[in-house]
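*Asks:* Let me give you the structure first, and then I'll get to my questions.
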Amino acid sequence: MAGSGEQRERRGAVPRYRATGGPALLSQGFRPFFLAAGLWAVAAMGLFLAMLAGLIGLAGPLDGISWHVHEMLFGVVGAALAGFLLTAIPNWTGRLPLQGASLALLVGLWLLARLALGLPFGLSPGAVLVLALAFPAILLAACAREIVAGRAWRNLPLIVALAVLLLADGLYLADRLGLADLGGWPMRLGLGVFAALISLIGGRIIPSFTGNWLKARGESVRPASFGPFDRAALVVTVVALIAWVAVPEGPVTGLACALAALVNGVRLARWQGHRVLGEPLLAVLHLGYGWLVVSLGLLGAGAITPAIPQVAALHALTVGAMGTMILAVMSRATLGHTGRRLVSSPGLTAAFALITLAALARVAAPVMGTDALLLPAGLAWIAAFASFLWVTAPLLLGPRPVK
C-alpha cells in the first residue's frame, strides 16, 4: 500500500477532482474525516475524563468504559483510516474520488453512529447495532468497489482488513449491548487489525517518505526497500496478533509477540530514522512505528508474566502506536494535499511531543500501580489533538491555494 502522495500505484495520472460547487470541506475525503477524527479525539476524551471524575454520567446504551473503548478505536481511529483510504485509493486506481453529497452522506453515517451510541434515544439494541455499523459497512463497500473497478489488486488486503474491522465492531457492540456473550476477544480483534495495518501501511510509507527526504538532501544512504524480510515480518506480526486475539495469555502467544517485536524492531532500524531527527514530520512516523514494537514486546511479556499488566500493553498500542501514527499521517497528508510544504510547524511538533507524553504516562500508570497519571495522560492527549486542529483546521476547511 503506497502513500497517497509520494509513492503511487496506479495506471494513470492522479485524477482531477470534480468542481463540487460546495464547501471545500467536502471536496476531498481526508478533509471531513481528519477534522472529525481530531474533534472527536478531543471531545470523547474530555467526556471520558469528566465521567471518571464523576462530573457526568453516560446516558447512552453502553457503559462508560465500553463507550470509551469503542469511540477511541472505531470512532477516532476509524475516521482517520477513512480519511486516509478515501484520499489514497484514487491515487492507486486512477479513478475519481468520493466528493460532495456522497462524501457528506458517509460523514453523516459516521456522525449517526456517534449519536446512536452516546445519547439515550430509547432504541432497541438491534437498532443501535444497525445504526452504528452503517458507516463501516458503507465505507467497506465504497473502498471495495473502487479497488475492484480500478483493478488495484495489490491493495485487496485493505478490503480484507476493513471487513474484519466491521466484524470486530459488530461483535464488540453485540456483546456490550447484551445481544451476545463473547468476552474480550472482539476488542482484541479490532486492535489486532489496526496493529497489522500500522505494520502494513507504515512499512510502505515510512521508508518511502524517508528515502525521498534523504535523496532531496543529497544523502547517499537510503532506507532498506520493501523485500522478503518485510514480507516475512508481516507474516510473523499477523500470526502473533492472531495468537493474541485467540489466547491472550500463555507462553506460545508470549513468544510469538516477542518475535514480532524483534522483527519489527529490525525493520524500523533498517529505515534510517536517526537521519531524519531534524524533521519532526518524518521523525514522528518512526516514533509511531517504534511504539508498535514496544506494544508487541509488552503484549509478549504480559502473556507470560503478570508482572506486566495487559492494560499497559494495550495503551502502548492505542495511545502510543495508533495515536502517534494517526497524528503523523493526518498532519502529513493535510499539508501535502492542501498544497503546503511538507515541513512541521511549532504547533504540529508540539502535538507530536504531547502525544508522546500521553502515551508514556498512560503506559506508566498501570506499571507503577497508580491512577495519578490518568488525568495527565488524558489531558496530554486532548492537548495533542487540539494542537493538531489549531494548525490543520483552517487548511481542512479552506480551499487549496492557487499558484
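The values are calculated or read from the model by the stated rules, or taken from the named source; none is laboratory data. Just so it is clear, the structure is predicted and the values come from calculations on it, not from any experiment. Ideal geometry is used to build each Cβ from the backbone, glycine not excepted, and the neighbour counts take in all protein chains shown. Calculation scope for accessible area: heavy atoms of the full protein, side chains included, ligands and nucleic acids excluded. Shrake-Rupley method; radii C 1.70, N 1.55, O 1.52, S 1.80 Å.
*Asks:* Do the conditions hold for R340, that is, is it under 20 Å from L285 (Cα atoms), surrounded by fewer than 19 Cβ atoms within 10 Å (Cβ to Cβ) and either basic (K, R) or within 17 Å of the chain's Cα centre (by Cα) (or both)?
*Replies:* When the stated conditions are applied, R340 passes them.
*Asks:* Hey, among the residues in region 230-245 that are of a type in the set (V, I, T) and in contact with a helix residue (DSSP H, G or I) (Cβ under 8 Å, 6 or more places away or on another chain), which one's surrounded by the fewest Cβ atoms within 10 Å (Cβ to Cβ)?
*Replies:* V239
*Asks:* Moving on. Within region 216-229, how many residues are among the small types (G, A, S) and either surrounded by 14 or more Cβ atoms within 10 Å (Cβ to Cβ) or closer than 8 Å to Q272 by Cβ (or both)?
*Replies:* Here the count works out to 1.
*Asks:* Further question on the same structure: So which residues in region 152-176 are over 17 Å from V245 (Cα atoms) and among the aromatic types (F, W, Y), if there are any at all?
*Replies:* The one that is over 17 Å from V245 (Cα atoms) and among the aromatic types (F, W, Y): W153.
*Asks:* Kindly provide the set of residues from region 249-259 that are of a type outside the set (S, T, N, Q) and more than 22 Å from the chain's Cα centre (by Cα), ordered by number.
*Replies:* Answer for region 249-259, where residues must be of a type outside the set (S, T, N, Q) and more than 22 Å from the chain's Cα centre (by Cα): E249, G250, P251, V252, G254, L255, A256, A258, L259.
*Asks:* Another question, if that's okay. Just to be sure I understand, how many residues within region 291-311 are open to solvent by 20 Å² or more (accessible area, probe 1.4 Å) and under 20 Å from the mean Cα position of the chain (by Cα)?
*Replies:* 6
*Asks:* Same structure again: If you go through region 269-279 one residue at a time, how many are touching a residue at least 60 places away in the same chain (Cβ under 8 Å), surrounded by fewer than 22 Cβ atoms within 10 Å (Cβ to Cβ) and in a helix (DSSP H, G or I)?
*Replies:* So the answer is 2.
*Asks:* In addition: I want to confirm something. Restricting to region 102-160 and keeping residues that are among the aromatic types (F, W, Y) and either at pLDDT 95 or above or part of a loop (DSSP other than H, G, I, E, B) (or both), which single residue is most open to solvent (accessible area, probe 1.4 Å)?
*Replies:* Among residues in region 102-160 that are among the aromatic types (F, W, Y) and either at pLDDT 95 or above or part of a loop (DSSP other than H, G, I, E, B) (or both), the one most open to solvent (accessible area, probe 1.4 Å) is F121.
*Asks:* In region 95-107, which residues are without any contact (Cβ under 8 Å) to a residue 40 or more places away in the chain and under 20 Å from the mean Cα position of the chain (by Cα)?
*Replies:* L106
*Asks:* Here is a further query. Out of all the residues in region 208-215, is one or more open to solvent by 20 Å² or more (accessible area, probe 1.4 Å) and of a type in the set (A, V, I, L, M)?
*Replies:* No, region 208-215 contains no residue that is open to solvent by 20 Å² or more (accessible area, probe 1.4 Å) and of a type in the set (A, V, I, L, M).
*Asks:* Among the numbered conditions (1) among the aliphatic types (A, V, I, L, M); (2) in a helix (DSSP H, G or I); (3) closer than 30 Å to D371 by Cα, tell me where A307 comes up short.
*Replies:* (2)
*Asks:* Just give me the residues in region 343-377 being under 22 Å from the mean Cα position of the chain (by Cα) and assigned to a loop (DSSP other than H, G, I, E, B), in sequence order.
*Replies:* V343, S344, S345
*Asks:* Is region 174-195 home to any residue that is assigned to a helix (DSSP H, G or I) and of a type in the set (D, E)?
*Replies:* The answer is yes, given that some residue of region 174-195 is assigned to a helix (DSSP H, G or I) and of a type in the set (D, E).
*Asks:* For region 246-267, which positions are touching a residue at least 60 places away in the same chain (Cβ under 8 Å), part of a helix (DSSP H, G or I) and open to solvent by 20 Å² or more (accessible area, probe 1.4 Å)?
*Replies:* A246
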